[in-house]
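The values are calculated or read from the model by the stated rules, or taken from the named source; none is laboratory data. Not measured: the values here are computed from a predicted model. Cβ placement follows ideal geometry from the backbone for every residue including glycine, while neighbour counts extend to all protein chains displayed. SASA here: full protein model, heavy atoms, side chains in, ligands and nucleic acids out. Shrake-Rupley method; radii C 1.70, N 1.55, O 1.52, S 1.80 Å.
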Amino acid sequence: MTIEAAAETLPWPERFRELAKQAEDERLKAFYEAGCVAPETPLKDVPFVGLDFETTGLDPNKHSIVSIGVVPFTIDRVQLGGSRHWLVKPQLPLHQTSITIHGITHTDIDKAPDLMEILDEVLESLAGRIPVVHYRHIERPFLNVALKWRIGQEIRFPVIDTMAIEAHLHPRRHPNWWQRLRGQQPVSIRLADSRLRYGLPHYPPHNALVDALSSAELLMAQVQHHFSPETPIGDLWL
């Protein structure tokens with residue numbers, strides 16, 4: 001077994017320490033050296049960061065990041081003063097489909113920096129915090145591929161996925177034909193629809209900073225309704 005493969009089997013705090021030793025890029029090394037909370041840490045003691053990317057598509061091997069939003073928070077308070085939002089020049093051209101979704105145009109990104117130019121700021125915003133996303137198959141894979149292309153190294157970190165929590169809470173969200181015939185409607189676990197179930201306000205979608213805030217608020221509501229401040233972070237992260 002390689003050192004990298006062995007590190008994958010370790011708990012996150014130990015894994016971060018091993019990854020810090022392996023990291024050749026100083027920014028990535030500093031990210032790992034900031035550490036990771038232990039899995040038994042109660043949610044009330046965990047520093048979180050809402051994280052959202054807008055991208056040119058859904059495949060990290062074919063599409064690129066165009067904006068990044070981060071919002072630091074705890075389960076008691078959103079720290080809006082620490083929020084950051086970056087436009088990023090994608091490696092590949094924008095497609096009209098993605099422009100229609102997130103509204104970021106060629107003009108917007110014409111003078112935007114490459115991810116490498118802001119990588120230290122992005123990683124500093126994430127360091128020591130547990131990222132919270134809605135649908136984990138975007139932010140972590142896209143950042144991983146982006147770093148692999150640029151610095152030849154991958155990145156690893158745990159996330160809390162608010163969509164996965166909603167999926168767990170609504171395992172029978174897709175009614176069968178008989179249930180549909182009787183009028184039962186499917187339960188949507190999309191971000192806006194999930195927020196609606198908790199009485200959270202409607203925000204315009206597909207802005208990275210707004211969606212990062214939306215995910216942060218959704219986790220706070222999920223903890224309030226379904227978990228406890230004493231719930232160990234290890235019960236929820238992925």
Can you tell me which residue within segment 1-28, out of those that are modelled with pLDDT under 95 and assigned to a helix (DSSP H, G or I), is farthest from the chain's Cα centre (by Cα)? I3
Go through segment 157-182 and report how many residues are touching a Lys or Arg at 6+ places or on another chain (Cβ under 7 Å) and among the charged types (D, E, K, R). 1
Take the residues in segment 103-115 that are open to solvent by less than 20 Å² (accessible area, probe 1.4 Å) and within 30 Å of L219 (Cα to Cα), then tell me which one is modelled with the lowest pLDDT. I104
Please enumerate the residues belonging to segment 144-160 that are small (G, A, S) and buried (at least 18 other Cβ atoms within 10 Å of the Cβ). A146
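When residues of segment 23-64 are filtered for being within 15 Å of E154 (Cα to Cα) and either touching a residue at least 40 places away in the same chain (Cβ under 8 Å) or of a type in the set (G, A, S) (or both), how many remain? Even if it seems obvious, please write down each step before you answer.
Within segment 23-64, the first condition is being within 15 Å of E154 (Cα to Cα), and the residues that meet it are 23-32, 60-61.
Filter again for either touching a residue at least 40 places away in the same chain (Cβ under 8 Å) or of a type in the set (G, A, S) (or both), leaving 23-25, 27-28, 30-31, 60-61.
Selection size over segment 23-64: 9.
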Residue hits (segment 154-212; more than 18 Å from G69 (Cα to Cα), modelled with pLDDT under 95 and touching an Asp or Glu at 6+ places or on another chain (Cβ under 7 Å)) are none
G35: passes all of (1) at positive phi; (2) modelled with pLDDT under 95 but (2)
For segment 116-143, enumerate the residues that are of a type in the set (D, E, K, R) and either under 13 Å from F53 (Cβ atoms) or buried (at least 21 other Cβ atoms within 10 Å of the Cβ) (or both). R129, R136, E139, R140
Log entry, pairs with first residue in segment 108-120 being acidic (D, E), second being open to solvent by 10 Å² or more (accessible area, probe 1.4 Å), beta carbons closer than 7 Å, six or more apart or on different chains, reads D108/L87; D114/K89; D120/R27
Residues of segment 37-62 being within 20 Å of A212 (Cα to Cα) and either β-branched (V, I, T) or surrounded by 19 or more Cβ atoms within 10 Å (Cβ to Cβ) (or both), in sequence order, are L43, V46, F48, V49, G50, L51, D52, F53, E54, T55, T56, P60
